[in-house]
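The values are calculated or read from the model by the stated rules, or taken from the named source; none is laboratory data. In this text, all values refer to a predicted model and were calculated from it rather than measured experimentally. Cβ placement follows ideal geometry from the backbone for every residue including glycine, while neighbour counts extend to all protein chains displayed. Calculation scope for accessible area: heavy atoms of the full protein, side chains included, ligands and nucleic acids excluded. Shrake-Rupley method; radii C 1.70, N 1.55, O 1.52, S 1.80 Å.
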Amino acid sequence: MTVREAKYFFLTQEPVHIGAGGYRLGRVDMTICREPGTNLPKIPGTSLAGAARSYAAHRYGKPEAAGQHKKLGKAQKEGCPIIYTFGTASENESGVAGTVSVGDARVLFFPVQSMAGPVWMTTRELLKEAGFTNVTASVDDGGTISSTLAGWKQPLNLSWLRLDTPQALSLTPPTELAQHDAYLAIAERLVALSPKLFGQLVNNNLEVRTSVAINQETGAAEEHMLFTYEAIPRGTWLLSEAVEDDYRNAFKPVERRFRNGAENSGDPLGSTWNTPLDVLEAGLEMIQYLGVGGMGTRGFGRMKLLAKKAVTVMGGGAQ
C-alpha cells in the first residue's frame, strides 16, 4: 500500500463564491465559507471533490459516474476509474469507499491595492506550509511588515490600513513554482504580515456585489429585493491538499475513454491515468473552464490549477 500526499496551487481567474448557506444580518446578506478558527475564507474540500468528480466523469465519457450511479451495473462500477477514485453509495447495496480525500483550499496569497500598486499579502506560516524555505520576515501585530518590493522606502498602505515601512522579505519558492510565470509575476510584489492583520485585511477586502431578484413573470427587477454577496476575488492564490490511500492497490491504468458500455475502449484521453490522483487532477484542471461554487452564470467560479507538489507519505518512492 502506498499513501501519497499532493499539494495543489490554484489561482482564481474570476471571483469564487462558495456560500455558507442562508442569509444573515451584517456586512453582506450571502456570506462565503470560512475556517472556524481563523475566520479566513476557504473553498471546502467537498466542493472541490464534487466538481472534480463531475468533470473527470465527463472527460472519461461516463457522466453517470458523477451522480447516484443508479444506471450503472455492478461490473461497470467495479471497473470504473471514477468510482474507484471517489467512491459510491447505493440504496440497495453497500457503498464503496473512495481512495482520495480532498482538503479545503485556503488562501495563500491575497491581492490588495496599495500606493505601490497591487501587492499580494501572506504570512510566514502560510509560506512555510506551502513549501517555501529560507523564509526571513519581520512582522508583528503593531504594523511591522516585510516585502519583496524593490526600492520601496516609505510606509506602505494595504487598502485602507497604513503600516510601517516594509522590512526585507526573503524566501525560496518550491521547485514547482520557482520558474512558473504566474509566480514570477507576483514574486516581487509579496507582503508578509502577522496572522492577525492578515485575517482582518482579507475579510475587509473580499469582493462584494449587489444584485436584485428578478420577477419570473415580468422579467423586471423586484422592488425591495436587493441583496449583497461576497466572493474571493480574482488573482487570489489558494492551497489545497489531497491524500491518496489506494488500500486496494487495484487501480488499472486508463488510456482511453469510456464507450458503448466498455471501460477504456473509446478515443484517447490525452494523458494516461495511472493513479487515483491522476483522475482527481483531470477533474481539477477543468475548474479553469467550468468553475466551482455558485453564481456560475454570473461569471463566477473559474480558477486555474497552476502546479502540484507531491510526496509519498508511506511506502513506495517519491512521485
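Name the shape class, rounded, prolate or oblate, that the alpha-carbon gyration tensor gives for region 150-303, where a ≥ b ≥ c are the square roots of its eigenvalues, rounded holds for a/c under 1.5, and otherwise prolate holds if a/b is larger than b/c and oblate otherwise. Oblate shape, in that a/c is at least 1.5 and b/c is the bigger or equal ratio.
Here the relative contact order of region 147-282, from alpha carbon pairs under 8 Å that lie six or more residues apart, stands at 14 percent. Using Cβ point charges alone (K and R +1, D and E -1), the dipole size of the chain about the Cα centre works out to roughly 260 debye. Using C-alpha pairs below 8 Å separated by at least 6 residues, the relative contact order for the chain is 33 percent. The convex hull around the C-alpha trace of the chain, projected and averaged over every direction, spans 20.3 square nanometres. Heavy-atom accessible surface of region 230-277, averaged per residue, reaches 49 Å², computed with a 1.4 Å probe.
Nearest 10 degrees is fine. How inclined is helix 45-60 to the longest principal axis of the chain, computing both from alpha carbons? For 45-60 against the chain, the angle is about 50 degrees. Rounded to the nearest 10 square angstrom, THR2 shows an accessible area of 50 square angstrom against a 1.4 Å probe.
For the cross-link pairs LYS153/LYS196; LYS62/LYS128; LYS153/LYS308, the ones whose C-alpha atoms lie over 29 Å apart are LYS62/LYS128; LYS153/LYS308. Between the residues VAL119, ASN157, VAL135, the greatest Cα displacement towards the positive end of the dipole of region 102-193, with unit charges on the Cβ of Lys, Arg, Asp and Glu, is found for ASN157. In a fully extended conformation the segment linking THR46 and GLU78 would gain 9.2 nm over its present Cα-Cα distance, using 0.36 nm per residue. With all protein chains in place and a 1.4 Å probe, the accessible surface of region 176-319 carries 48 percent carbon and sulfur. The angle between the Cα long axis of helix 195-204 and the longest principal axis of the Cα atoms of the chain comes to about 80 degrees, rounded to the nearest 10.
For the set HIS180, HIS17, HIS58, solvent exposure ranked by accessible area (probe 1.4 Å, protein chains only) runs largest to smallest as HIS58, HIS180, HIS17. Taken along the Cα-to-beta-carbon direction at a fixed 7 Å, the label points for GLN113 and ARG259 span 5.3 nm. Quick one: accessible surface of MET115, probe radius 1.4 Å, all protein chains present, in square angstrom to the nearest 10. That residue has around 110 Å² of solvent-accessible surface. Estimate the FRET efficiency between VAL313 and GLU125 by the formula 1/(1 + (r/R0)^6), using the beta-carbon distance for r and 25 Å for R0, to the nearest 0.05. Efficiency at R0 = 25 Å is approximately 0.70. Convex hull of alpha carbon positions in region 219-301: directionally averaged projected area 10.1 nm². Note on the chain: GNM, Cα springs under 10 Å; of ALA192, ALA178, ALA130, the largest mean-square fluctuation is that of ALA178. Based on DSSP H segments of at least four residues, each scored -39500 (n - 2.57), the chain has a per-residue ellipticity at 222 nm of -5000 deg cm²/dmol. Placing unit charges on the Cβ atoms of the charged side chains and taking the dipole of the chain about its Cα centre, the candidate lying farthest along the positive direction among ALA310, GLY270, ILE287 is GLY270.
Of all DSSP-defined beta bridges confined to the chain, some 90% are antiparallel rather than parallel. In order along region 244-261, phi translates into HN-Hα couplings of 9, 10, 7, 5, 7, 6, 10, 6, 9, x, 10, 10, 10, 7, 6, 8, 6, x Hz, rounded to whole numbers, per the Karplus curve 6.51 cos²θ - 1.76 cosθ + 1.60 with θ = phi - 60° and x for Gly and Pro.
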